[in-house]
Amino acid sequence: MNEESMLDWEGYIVPPTQRTRFVLSDVDNDAAMVSLLIVSAAESDAIDKIMKREEEEDSDYSFPSNVPSAVDDVSKHLSSISAIYGDRAFLEKMVAHDDTSN
C-alpha cells in the first residue's frame, strides 16, 4: 500500500474496502526495473565494509562511568524544560525553575 492508493482525489482517506489493490503477480515484469532492484556483489561488499567500519568506530567510544553530580544536576533541570521555547522564553523558564527548586 502506498499513500496514493489510500487517498481520494481530495486527499481524504479512502475506506480499506474501497481501495484499489494491486496483485504483484499480475504486474508485468520489466527487465530494466528488475535489474535496478538487484544489489551487485561489489555494492554488497561496499555496504558491508562501511557498516563494519561504523560499528568499529561506535564500539571505540565508551560512556563515562562516573558522571559528576553538577552535570547530573544540570541535566535534571534541563530535562524538565520543553525545547519548543524560544531563547528568551527558555531562559525565563530556566530562571523560574531555578527559583522554585532552591
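Remark: region 15-29, residue by residue, has Karplus-estimated 3J(HN,Hα) of x, x, 6, 9, 7, 6, 10, 10, 9, 4, 5, 7, 7, 5, 7 Hz, where x stands for each Gly or Pro and the curve is 6.51 cos²θ - 1.76 cosθ + 1.60 at θ = phi - 60°.
Listed peptides 38-46, 89-97, 20-28 appear in the order 89-97, 38-46, 20-28 once ranked by packing, highest mean of other Cβ atoms within 10 Å at the front.
For Leu7, nonlocal amide neighbours, meaning residues 5 or more places apart or on other chains whose placed amide H falls under 5 Å from its own, are Val14.
Can you tell me which aspartates and glutamates have their Cα less than 19 Å from the Cα of Lys52? Leave out same-chain residues fewer than eight positions away. The qualifying aspartates and glutamates are Glu43, Asp60.
Every read-out reported here was derived from the displayed coordinates using simple, explicitly stated rules and does not represent laboratory data. Not measured: the values here are computed from a predicted model. Neighbour counts are summed over all protein chains in view; Cβ atoms, including those assigned to glycine, are modelled from backbone coordinates with ideal geometry.
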